Amino acid sequence: MEHPRNMTLILFVVFLISSDVITAAFACSNGQCKLGDECSSDADCQTGLSCLSCSEAFEGSRCIRSSATNQFQITKNSLPFNRYAFVTTHNSFANEEEPLHTGIRLTFVNQEDSVTKQLNNGVRALMLDTYEFKGDIWLCHSFGGKCHDFTAFWLAIDTLKQVESFLSANPSEIVTLFLEDYVDTPNVLSKVFQDSGLMKYWFPVSSMPRNGQDWPLVKDMIANNQRLVVFTSKQSKQESEGIAYQWNYVVENQYGDDGEHSGQCSNRAESAPLDDKTKSLVLINHFHSIPFKELVCEDNSGRLLSMLDTCHGTSGNRWANFVAVNYYKRSEGGGVFQAVDKLNGQLLCGCDDVHSCKPGSSSTTCSALKGQ
């Protein structure tokens with residue numbers, strides 16, 4: 001029979017071990033977990049972080065960045081719109097929160113969050129694919145160049161109303177839409193914008209600069225309530241409906257697998273060469289053709305930073321204004337938010353992090369700080 005004193009000692013040791021395990025498993029919680037800490041839910045992480053997995057980089061789940069820095073609030077002086085960078089979601093409408101509207105969907109998704117959540121987390125540019133379908137305008141993936149029940153996501157007006165609600169609730173924010181436009185019937189796309197209530201925020205084509213000039217100051221765009229910038233891939237609609245033809249104003253690199261070659265950054269076929277400085281805005285795609293959630297983590301981390309450096313050189317030493325990714329929150333840590341902080345740092349003051357931009361800061365200041 002076990003001696004009572006020995007049994008007490010054994011129980012005490014078991015208690016200590018169990019306490020250590022519990023303490024290790026719940027080293028932080030209730031909103032106290034920092035970037036990189038292990039977590040069990042979003043509630044464990046500090047504000048601006050989410051609890052997500054990334055099997056390529058770590059086991060289990062950790063707190064990683066899930067919200068953007070407000071670049072407009074970093075410096076006192078407002079700069080032209082083309083002197084800022086923005087988190088951009090590829091196929092923003094194709095997300096996991098979108099309910100079925102046609103009874104069946106057999107296509108892939110590109111994002112986890114609804115468009116509203118994307119905007120609330122700091123996404124400021126949305127890529128939307130517009131199609132004529134079922135007598136209306138839908139957001140849809142293409143199969144054979146057309147929208148089908150099994151590739152359709154949502155009526156365009158419902159997503160545009162989410163954008164309108166965000167702009168209404170956030171009067172100092174600007175949202176950009178890139179439309180991959182498959183709508184051929186005249187004026188029906190512009191009518192959707194009218195019906196959604198977005199025309200009161202419309203930035204007019206007549207105010208968009210040509211020949212590489214600066215865009216208006218952000219403070220003036222906000223003061224004039226011209227806070228929605230919309231581009232279409234259909235050239236005719238600039239003249240007929242007042243929707244800006246993207247390639248008159250933006251250069252863009254190759255998207256999908258063809259654009260994911262290390263050390264290379266070439267323009268997509270529709271775009272002018274990336275170093276064409278008659279276009280004031282630079283859009284960089286960084287995503288594979290088929291989105292795999294776990295594999296995206298590495299894409300949105302070190303590879304993204306490397307791609308932005310490569311494209312900076314290819315674009316005539318211009319930093320990107322828009323960075324388009326799949327699963328925008330997935331990364332090994334800082335992700336697309338860290339990348340855009342770098343871009344805004346470079347655009348605003350020549351630093352590698354926008355948080356280094358203070359009044360009077362410059363690339364010289366940043367170099368001195370690095371040497372300390």
Whether any residue in segment 268-277 is farther than 20 Å from Ala125 by Cα and touching a helix residue (DSSP H, G or I) at 6+ places or on another chain (Cβ under 7 Å) is what I want to check.
yes
Only one residue in Ser142, Ser165, Ser114 is small (Gly, Ala, Ser), within 23 Å of Glu294 (Cα to Cα), touching a residue at least 12 places away in the same chain (Cβ under 8 Å) and in the same structural domain as Phe292 (by TED's automatic domain parsing), so which one is that?
Ser114
Can you tell me which residue in segment 63-99 is surrounded by the most Cβ atoms within 10 Å (Cβ to Cβ), limited to those that are in contact with a Cys (Cβ under 7 Å, 6 or more places away or on another chain) and touching a residue at least 40 places away in the same chain (Cβ under 8 Å)?
Ile74
Taking the conditions exactly as written (more than 14 Å from the chain's Cα centre (by Cα), at pLDDT 95 or above and not hydrophobic (A, V, I, L, M, F, W, C)), does Arg303 satisfy them or not?
yes
Within segment 89-98, does at least one residue satisfy the condition of being in the same structural domain as Gly334 (by TED's automatic domain parsing), among the β-branched types (Val, Ile, Thr) and assigned to a loop (DSSP other than H, G, I, E, B)?
no
Verdict on Arg303 being crowded, with 22+ Cβ neighbours inside 10 Å and of a type outside the set (Val, Ile, Thr)
no
Quickly run through segment 226-262 and pick out the residues that are surrounded by fewer than 15 Cβ atoms within 10 Å (Cβ to Cβ), in contact (Cβ under 8 Å) with a residue 24 or more places away in the chain and either hydroxyl-bearing (Ser, Thr, Tyr) or within 25 Å of Leu348 (Cβ to Cβ) (or both).
Ser240, Ser262
Could you run through segment 142-164 and say how many residues are closer than 27 Å to Ala85 by Cα and out of contact with any Gly (no Cβ under 9 Å at 6 or more places or on another chain)?
6
Across segment 36-62, which residue is surrounded by the fewest Cβ atoms within 10 Å (Cβ to Cβ) among those that are touching a residue at least 40 places away in the same chain (Cβ under 8 Å) and within 19 Å of the chain's Cα centre (by Cα)?
Ser53
Is it true that Val323 is in contact (Cβ under 8 Å) with a residue 60 or more places away in the chain and within 19 Å of Leu126 (Cα to Cα)?
yes
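The values are calculated or read from the model by the stated rules, or taken from the named source; none is laboratory data. Being a predicted model, the structure only gives us computed values, none of them experimental. For neighbour counting, all protein chains shown are included, and Cβ atoms are generated from backbone atoms with ideal geometry for every residue, glycine included.
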